[in-house]
Every structure is written in structure tokens, then in C-alpha cells.
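Written out below as C-alpha cells is the structure these notes cover.
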Amino acid sequence: MKTEITKKKINNKGGFSLVEMLVAIAVFMSIMTIAISALITIISANKKAQAIKSTVDTVNFAMETISRDMRVGSSYKCLAEDTPGSDCLGGSNSVQYTNSDGVTTTYTFNKDTGPVITETKSDSPNTPIALISRDSNVNIDNMTFYVIGADCESGVGPSCGGVKTQPRVIITISGSISVNGSSDVSSFNLQTSISQRSRQ
């Protein structure tokens, strides 16, 4: 009798069957496939977010550099060909002013060739500085400078009536960002307004 009970106990110590093992492995592989796919998606989204942040930071830095210097300048002038005065309510791709050191500075948006945005100073006209270079990740479609009130800065313009105005410049910039040449493109639009701090 004891021998039979012992045999039954020994027989009850069996492992998983082959079918159970295959089902467990299939379930595990399905879960791992889903988890790895989610991880790859998260990594890809993170890379895209970092690239977008880096590009937008570059554009923001360029606009902040322009704004900081232009605020304390004077003699704002729009360089549009069809604008006789300094103001240009229709916008231009280039603006000029005299900075606090008395140096004439020009910012230009170059759509087709060379750096996207350049800074040229009258004391070194042959060496323009690239504020934003062409990058495979960013495509700046448009950058427009609007100059308002510069014609009446001194109050002597024909339409000023002896009234001085505080000139200001509005800068708008729009473009798109693609990460590593992918078809997923994110667009951006930025705008800043610059008011002259010191009136002459």
C-alpha cells in the first residue's frame, strides 16, 4: 500500500506539457512585440521633439538677437524697392537701422541661396554674419519685416504734422521642420514686435 502511494506522489510531480509551454511562449512573444513597438514609437517621437525644439530654439535665438539690438537703435528703414519712405506696411524681406554704436545694421531674409538670415554692418559690409544657416531639418518659407512710424520719428515727415511717433518693427517668420528627411512635417509661425526704447 505504501509503495502505491509513493508511486502516485512521484507521478504527480510532472512538469508543463509541450502545449502549455508553446502557449506561454506565444503569449510572451506577443507582449514583447507590443512593448518593443511602443518603445520604438516613443524613441522616435522623442527624437522628433528634440529636433523640433533645437530648430525652434535656433530661430527664437535669431529673433531675440535682432530684437535686443534693434530696440536701442534708431533710424529704422524698410528696404522694400516700392517704398519711398522708411515705413513699409506691406512688409519687406530686409530692414535697416542704426544701432546704439552708430553702426548701420541690415537684416536680410534670403529665400533661395546662402544663409537664411544675414546681418550686415556698415563697418564690415563685406563680411555678413549668418544668423540662421540652411539646414536640412528646417525650411523657412517666409520672413517679413514691417516698419511702422519711422517716417514720423523726428516729426518732420510730410504726413506727420509735426507729431513725433515712436517707430516699431514687426517681424514674422514661418516655415516647416522635417526630422531626418521624413514625410512627417511640423510647421511653425513666430512673430515679435520691437518698439524703439530711446526717442530722439
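Couple of notes before you dig in:
- When the residues of the range 51-65 are filtered to those that are over 9 Å from the mean Cα position of the chain (by Cα) and crowded, with 17+ Cβ neighbours inside 10 Å, the one that is modelled with the lowest pLDDT is ALA51.
- Restricting the first member to the range 60-77 and to residues that are in contact (Cβ under 8 Å) with a residue 12 or more places away in the chain, and the second to residues that are assigned to a helix (DSSP H, G or I), the beta-carbon pairs closer than 8 Å and six or more apart or on different chains are TYR76/MET70.
- Yes/no for THR104 being at pLDDT 85 or above, touching a Pro at 6+ places or on another chain (Cβ under 8 Å) and over 16 Å from ILE148 (Cα atoms): no
- The numbered conditions (1) touching a strand residue (DSSP E or B) at 6+ places or on another chain (Cβ under 8 Å); (2) within 25 Å of ASP57 (Cβ to Cβ); (3) modelled with pLDDT under 85 are all true for ASN180 except (1).
- Residue count for the range 37-82, restricted to those that are under 20 Å from THR108 (Cα atoms), part of a helix (DSSP H, G or I) and polar (S, T, N, Q): 5
- Scan of the range 1-50 for residues that are more than 30 Å from ASN139 (Cα to Cα), among the polar types (S, T, N, Q) and modelled with pLDDT under 90, ordered by number: THR3, THR6, ASN11, ASN12, SER17
The values are calculated or read from the model by the stated rules, or taken from the named source; none is laboratory data. Because the structure is a prediction, the values reported are computed rather than measured. Quick reminder, even Gly has a Cβ in these numbers, built from the backbone with ideal geometry, and neighbours come from all protein chains shown.
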